[in-house]
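To keep things clear, I will list the structure first and then write my remarks on it.
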Amino acid sequence: MVRGRALHFVFKVADRTLTARFYREVLGMKVLRHEEFSEGCEAACNGPYANRWSKTMVGYGPEDTHFVVELTYNYGITHYERGNDFRGITIQSSEALKRAAATNWPVEESDGQKFVEAPGGYKFFIIDKPQPIDKDPVIKVSLSSSNLTRSVEYWNGLLNLKIFEKKEKSVVLGYAEDQAKLELVDIGEPVNHAKAYGRIAFSCPFEEQPVIDQKVREANGKILTPLISLDTPGKATVRVIILADPDDHEICFVDDESFRQLSQVDPNSDADLDKFIKADKSRA
């Protein structure tokens, strides 16, 4: 039985300046940590790029208790083609709608849901209620499925996510009531990840990573990166395994013990992000 904890979703961003403005000034998230890397990640955290890149974690609170967003920026890459794989992230924050209006950021509506669009075209659906202060405002991440039955068999049957809600064309899963959930929506066609594809991350106890590895192998599932240790300069080393579900959505399981050390909020991260944005000439 996997004991997982929902951590974050990874976006590739091409315009770091505008992206930082959106998450800070519109959504009202805080920069939790910022890290710079001289070469590509062994687990392809930044995609299939061997160049210099950066990672910026943003959210409404520490990663120990909040589901956050990981922004990966590849120096010199100015555009990512989007597919139909990512549907949106839902947050509860009437304050975000007010900030969007105050900053002239467009608020749109689809099927009765208000949303704002981050640079790169990533949607954030906003529940128009006061942002909670006693729990995480991030409600769920929604991804596309080409076959809901097959998706449920993988996420619930293999990875042990509990089913919290099931409809004809969608299912909401998660490891615990107080965590952000994963929603899978049947789109009735193949899922196309294009170049902007993301990754959802969970943590689990160190001892359970080999269990996941074995279960996925026995089920003939996809393992994109077998168990590997990743270093972050000056911070904790973590062990990860990267999987892909039947629709090739990337899934990272990191060991919880090391990740709690790695993910401590860095009070200098906000200033560091601004410093590296200012010094970046790669888009020119």
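The values are calculated or read from the model by the stated rules, or taken from the named source; none is laboratory data. Just so you know, these numbers come straight off a predicted model, no measurement behind them. Cβ coordinates were reconstructed from backbone atoms using ideal geometry, including for glycine residues, and neighbour counts include every protein chain displayed.
List of remarks:
- Qualifying residue in region 28-37 (condition: outside any loop (DSSP other than H, G, I, E, B) and farther than 18 Å from VAL265 by Cβ): yes
- In summary, LYS169 fulfils each of the numbered conditions (1) surrounded by 13 or more Cβ atoms within 10 Å (Cβ to Cβ); (2) touching a Leu at 6+ places or on another chain (Cβ under 9 Å) with the single exception of condition (1).
- Residues located in region 240-259, provided they are over 22 Å from ALA196 (Cα atoms) and surrounded by fewer than 17 Cβ atoms within 10 Å (Cβ to Cβ): GLU257
- Restricting attention to region 248-284, the residues being under 18 Å from GLN209 (Cα atoms), in contact with a helix residue (DSSP H, G or I) (Cβ under 9 Å, 6 or more places away or on another chain) and of a type in the set (D, E, K, R) number 3.
- Within region 80-106, considering residues that are of a type in the set (A, V, I, L, M) and touching a residue at least 12 places away in the same chain (Cβ under 8 Å), the one nearest to VAL185 (Cα to Cα): ILE89
- Hey, ALA100 crowded, with 20+ Cβ neighbours inside 10 Å and out of contact with any His (no Cβ under 8 Å at 6 or more places or on another chain) or not: yes
- SER54 falls short on exactly one of the conditions (1) in a loop (DSSP other than H, G, I, E, B); (2) closer than 27 Å to ILE223 by Cα, and that condition is (1).
- Residue under evaluation GLU81, criteria (1) at pLDDT 95 or above; (2) charged (D, E, K, R); (3) exposed (fewer than 15 other Cβ atoms within 10 Å of the Cβ); (4) over 20 Å from LYS195 (Cβ atoms), criterion not met: (4)
- Hey, ARG16 among the basic types (Lys, Arg) and in contact (Cβ under 8 Å) with a residue 60 or more places away in the chain or not: yes
- Residues within region 187-206 that are hydrophobic (A, V, I, L, M, F, W, C) and part of a strand (DSSP E or B), tallied: 4
- Which listed residue is in a loop (DSSP other than H, G, I, E, B) and under 23 Å from ILE242 (Cβ atoms), from TYR73, TYR49: TYR49
- Within the set SER54, SER110, SER94, SER144, the sole residue that is among the small types (Gly, Ala, Ser), modelled with pLDDT of 95 or more and surrounded by fewer than 21 Cβ atoms within 10 Å (Cβ to Cβ) turns out to be SER94.
- Of the helices (runs of 4 or more DSSP H) lying entirely inside region 207-284, those carrying at least 2 residues that are out of contact with any strand residue (DSSP E or B) (no Cβ under 6 Å at 6 or more places or on another chain), among the charged types (D, E, K, R) and without any contact (Cβ under 8 Å) to a residue 40 or more places away in the chain are 209-218, 269-279.
- In the set PRO210, PRO205, only one residue is under 19 Å from ASP255 (Cβ atoms), under 20 Å from the mean Cα position of the chain (by Cα) and surrounded by fewer than 18 Cβ atoms within 10 Å (Cβ to Cβ); that residue is PRO205.
- Filtering GLU117, GLU95, GLU81 for residues that are out of contact with any helix residue (DSSP H, G or I) (no Cβ under 7 Å at 6 or more places or on another chain), assigned to a strand (DSSP E or B) and not small (Gly, Ala, Ser) leaves a single hit, GLU117.
- Reported count of residues in region 172-191, each being surrounded by 16 or more Cβ atoms within 10 Å (Cβ to Cβ) and either among the polar types (S, T, N, Q) or within 25 Å of GLY83 (Cα to Cα) (or both), is 13.
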